[in-house]
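A.B. asks: Handing you this structure, nothing more for now.
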Amino acid sequence: MDVFSYDTTLHGSSETGTIRLIDLQPIRDQSPLSCELRYVSLDDQPLYDAISYCWGGQMASKTISCNGKSLLITENLHDALCRFREPDKVVTLWADAICINQIDLKEKNEQVPLMGRIYSQANKVKVWLGFTDEDMTPTADLVSKLTTLAAMYSQQLNVTLEDVYDPDSTVWFELQYKMTKRKDLIAQCPPFLRLLQQPWFSRVWAIQEVALAYDRSWLYYGNLKLQWSDVSLAIYFSFKTGLFQVCMASDDTQQPRLVQRAYAMARTSVYYKQEKSQDGLGMAWMLCANRSAKATDPRDKIYGLLGMAKAGEGQSSQLFITPDYSVDTCSLYQRVTEKFLERHPKFYILSHGNTLNSSADHSCNLPSWVIDWDNTEMGDLDAAVTLDQEYESGLHSRYNACLADEWPKVYTVDGKVLKLTGFLHDEIVDCADLFSNAQFVSTYRYLSFHERGLLLEKGLYEAAQLWRLKPGSLYIHTGEDYLDAFTQTILMGDTLGQPAGALRAVTKSVLRISTWVSFLANSWFGRSPLRLWAGMKLFGRIPVLSTQPITVPELFSLVMRGMSNHVVFRTREGYIGVTSSQRAQIGDRVALVQGGFMPLLLRPADGSSWSLVGDAYIHGMMLGEAFDPNKCAELCL
């Protein structure tokens, strides 16, 4: 059989809407896969189903007949075609590896802007997760139970079912005690969690593929078939009620990360459905929320989200970034960062810097101020979907550390150097990662609500020690009670309502029992999950001494949402602060720059230049108290 080649290119198709479709031939006596390609225009509303699957770095190793000629495809796509083939009729499908000439860069550049239309116009999106020998009946039963429970409890809580998707809604916390005691649900969780750890859930392209056809997307895993909208609701409900946290295996440190990645995918698809009438989602929010997603080609971390972008960002007439596979990854990522620098009146994008040491290899050194979107640290699961509007209006944050309304941003880009105007104000002299997400997740399933309170108290005690908190003393930079400064710093300035009062009371109690907590922190139990659990059991008789109306689960979740994987630090001048950058270390300098809304942490680099470490909440600086425009000079990153 002759080798297949594309007889016609799709150059210019971004304007004409032309795509290829697969007519998959029916099964005849276990015949090998055979298909015919044809050309159609999306403007004519053709009928087809789109396939979503994971390439997973597989090499093309399976042969099918395409237009009577031999075409190599990956095993995963081959399995998907076998699963979706019908015995007695032609099935019309779209699959990227066949319908786009992958070695024709110009054609890829033309087809990528059409991906949004391809999936949104599909009759169905069929997600292929692969074959499995595992009995997935318990998973189907669990998803059905969870969606039914979500609907039932929404009525009992007197909220709409849509409320479960609201990141600011706390009413679902009331169910944590009840749900985490449901042994029947817990027993059915492991296969569902394994389902969510399938490689497809980590794929950046998959996010828009199910979001664009939310109610028409179906997941196939062996003989299992689930509607994506039901899976999304089950994921959300399980997170909100603490069920997943209890079910996660403590000895598998990757499981929470993988499941949170599936949660981010569900969140994006739900928000796209809700925001579709508003013309889609903002690029900054999508990139931040789905930062942990993976792509074989790191450029697709950008291109793979364009189909959901707001009008003017994802449309071919006015793209946020024009897909161009001749541009290398480093150049693309710098263009994206520069685009945000141009759009936003303040330096918001610098707050999304590379908080972890990058393990990605782009064959170049990204400048520290360029966001490495291929660094798959966890995305911001709590960022508001209105993030882009807030950034572009300049009204995103209550922080105003650099008086940006009076002293607007000043910057230039010279090659790979970002030149800012600002000054160095202080230096970190002590720091520690006291609220490790891995530690909390690994012990969560072993701990009662009371013991989680103790674990939270332990972190608060260690922060108080590092910040040298003494009851009754004053915080010199604001003149307020040090305990109030401590509470505001832990909550990063959000001091409204019950949480601040509850946290203050808990911290005060912690200091009273500091001898016990100190013994626990330094005992032979250490920090390992089982030993820490045993330690909590041993000290389980110590009461949580808060009398505030907020519950332990609420306070635990509130602090962990804000402080998870954050580093607390103290400066030479006695400031106390928090940074999301886990790269922060002793010796990093605190800088204030024109156009900034938060202080930046910088580290000496070559010569007189600096490397951006991240931003920080520093109590006593956040309203411009320390900013002096007369000290400003050029700072090169």
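No lab work stands behind these numbers, since they all come straight from the coordinates. Just so we're clear, the structure is a prediction, and the values are computed from it rather than from any experiment. Cβ placement follows ideal geometry from the backbone for every residue including glycine, while neighbour counts extend to all protein chains displayed.
A.B. asks: What distance in nm lies between label points placed 7 Å from Cα along the C-beta direction at GLN585 and VAL413?
C.D. replies: Computed distance between label sites GLN585 and VAL413 equals 2.9 nm.
A.B. asks: State the antiparallel share, in %, of DSSP beta bridges confined to segment 1-121, rounding to the nearest 5.
C.D. replies: Working: 15 of 20 bridges.
Once the DSSP bridges in segment 1-121 are tallied, antiparallel ones form about 75 percent.
A.B. asks: Rounded to the nearest 0.05, what FRET efficiency do MET59 and SER611 have when you use their Cβ-Cβ distance and R0 = 30 Å? Walk me through the numbers on the way to the answer.
C.D. replies: Values: r = 38 Å, r/R0 = 1.28.
My answer for the efficiency is 0.20.
A.B. asks: Shifting gears a bit: What FRET efficiency would be calculated for the residue pair GLN102, ASP405, taking the C-beta separation as r and a Förster radius of 41 Å, to the nearest 0.05?
C.D. replies: 0.25
A.B. asks: Same structure again: For ILE27 paired with SER331, estimate the spin-label separation in nm (one decimal), with each label point 7 Å from Cα along the Cα-to-Cβ line.
C.D. replies: Going by the 7 Å Cα→Cβ label model, 4.9 nm.
A.B. asks: Calculate, in nm to one decimal, what GLN465 and SER5 gain on full extension: separation in residues at 0.36 nm each, minus their alpha carbon distance. Working shown, then result.
C.D. replies: Numbers: separation 460, 0.36 × 460 = 165.60 nm, distance 6.84 nm.
That pair, GLN465 and SER5, stretches by 158.8 nm at full extension.
A.B. asks: Can I ask one more? Compute the distance in nm between two label points, each set 7 Å from the Cα along the Cα-to-Cβ direction, one at ASP88 and one at ASP163.
C.D. replies: Simple spin-label model gives 5.0 nm for this pair.
A.B. asks: What number comes out for the charge environment of SER368, summing +1 per Lys or Arg and -1 per Asp or Glu over other residues with Cβ under 11 Å away?
C.D. replies: On the way: positive: LYS416, ARG583, ARG603; negative: ASP372.
Net charge around SER368: +2.
A.B. asks: If you keep only loop residues by DSSP, which trypsin sites (Lys or Arg not before Pro) in segment 179-234 have at most 11 other Cβ atoms within 10 Å of their Cβ? Please report the intermediate quantities before stating the final value.
C.D. replies: On the way: sites: LYS181, ARG182, LYS183, ARG194, ARG203, ARG216, LYS225; in loops: LYS181, ARG182.
Here the sparse-neighbourhood loop sites are LYS181.
A.B. asks: What's the extension gain from GLU134 to ARG38 if we count 0.36 nm per residue and subtract their Cα-Cα distance? Let's see the in-between values first.
C.D. replies: Details: separation 96, 0.36 × 96 = 34.56 nm, distance 3.76 nm.
Extra length available between GLU134 and ARG38 comes to 30.8 nm.
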